[in-house]
Amino acid sequence: MAIDKNKTKKLIDDIDELFETVSKPLPKEAKRFIQQKVMDPIFDEVNKLILESRPPVIFLVGRSGHGKSSLLNALANREVSEVGDIKPTTAESISYEINFEDRYASWSIVDTRGIFETTAPNGALGEDAVEILKRDIIKYKPDIILHVVAASEIRNLSNDLKVFKDIKNNLRKETGVSVPTIVALNKVDTLGNPRNWPPEENTQKSNLIREALDYMTRDILHAREIQKIDLNKSIKGYKIFDDEYKAIVPICSLKGDLWNIETLSDSIGSHLPDEAIIDFYQAQKRKDQLKRLSTSIINKFSTISGTIGASPIPISDIFVLTPLQLLMISIIGGLSCREFKKETSYEYLTAAGINIGAAFGLRTVAHQFMKIIPIVGWAGSGAIAASGTYAIGKSAEAYFFLGEIKKPEIEK
């Protein structure tokens, strides 16, 4: 399972109803403050993350034969595009809507006609491939561009880079938008002896990949500042702090022998707009990516709940934040691919030893929260609210993602 946006509205309504119940004893002023400063901003965050989410639009460009179609299949982990081993096969830009029904996600990937083809693919229009690209990149409004380059051809990219710069300049001129671009350095298995694979087991291959990365970033792209994506493994790729390119990631997209696709996926996800992130990550179904998103949610919930320090709410009634914390737990559970509903939060509460009671008495739960998170010695309800919410979130994250039961602890 995963987060189903169709169920989000019901979950929010349930949480809102719980808030109304637990906040009845509060003075009107305190209740209004918590609603406007805490609950409403949290609901806005959930709406932005889930209800307003949409498929990411990923635009593939590059020469014919450099592996755009095979990369598309590798990212989707399924056959969605025809791969031509000899002749070019993509006659015009095609937008693939890839649905991941079991994960409530979908992608929009635009596979484009290769530039500098010796012969045109069957069905190709008479129009120049570059002019088609200029038009289509504006038409499809991509969130990110993947410039696919065959590793064995990096010494012959002069014309490619001029054309690509022209395409991006035209895009900026027409739309005022600069779309982040990542170089997918494909077919690195063909550097040197193809039989020396994978690079982790072949020093010579690893050195060739590293040499290709350095040559591409420094001598071809003239990147002024770069940083290893993986500080322990330079062959995983580089972050590039430049206007034109954001990263270069070496990959092998050959079916049955995929390599470093996860790193490329991470790089794509880090440059997508907020509304496209959840569809991208849920389709990938990789725990590391989803856990990072979970941590971001915990931090946002904690920061917003910390505003309670400015409210007229008594410290003894701070359990009014329980609905917010239950919503946060449900989202964390959904990101870990549990079913997205409030009962998922009950699973964690029970495992953590929090007594929810047969009828789920909200005040009972709230007081149980307070028992497992000591507040003696803390000054200010805002600090208690933020730290308590963070502690519960990290405890729930450990349970859902790692299968560990950890008592929520506030860092002092």
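Placing a label point 7 Å from the Cα of LEU161 along the Cα-to-Cβ direction, the residues of the range 226-254 whose backbone N falls under 13 Å from that point are 244-245. For ALA105, the residues whose modelled amide H falls within less than 5 Å of its own, excluding neighbours fewer than 5 places apart on the same chain, are PHE100.
In order along the range 242-252, phi translates into HN-Hα couplings of 8, 6, 7, 10, 10, 6, 10, 10, x, 9, 10 Hz, rounded to whole numbers, per the Karplus curve 6.51 cos²θ - 1.76 cosθ + 1.60 with θ = phi - 60° and x for Gly and Pro. Give the cross-link partners of LYS31 among the aspartates and glutamates, using a straight C-alpha distance below 14 Å as the criterion and excluding same-chain residues fewer than 8 apart. In chain and number order, the partners are ASP16, GLU17, GLU20, ASP40, ASP317.
Among the listed pairs LYS7/LYS68; LYS10/LYS134; LYS37/LYS168; LYS228/LYS342; LYS342/LYS407; LYS9/LYS236, a Cα-Cα separation exceeding 32 Å is found for LYS7/LYS68; LYS10/LYS134; LYS37/LYS168; LYS228/LYS342; LYS9/LYS236. Peptides 143-153, 297-307 ranked from most to least packed by the mean count of surrounding Cβ atoms within 10 Å: 143-153, 297-307.
Summarising the strand pairing of the range 57-271, around 40 percent of its internal DSSP beta bridges are antiparallel.
Taking neighbour counts of Cβ atoms within 10 Å as a proxy for exposure, in what order, fewest first, do SER330, SER106 appear?
On the way: SER330 29, SER106 17.
Ascending number of Cβ neighbours within 10 Å: SER106, SER330.
Fewest Cβ neighbours within 10 Å first, please rank CYS337, CYS252 accordingly.
Values: CYS337 18, CYS252 25.
Starting with the residue having the fewest Cβ neighbours, the order is CYS337, CYS252.
Just so you know, all these numbers are worked out from the coordinates, no wet-lab data involved. All of these numbers come straight from a predicted model, not from anything done at the bench. Every residue, glycine as well, gets a Cβ built from its backbone with ideal geometry; the counts of neighbours run over all protein chains shown.
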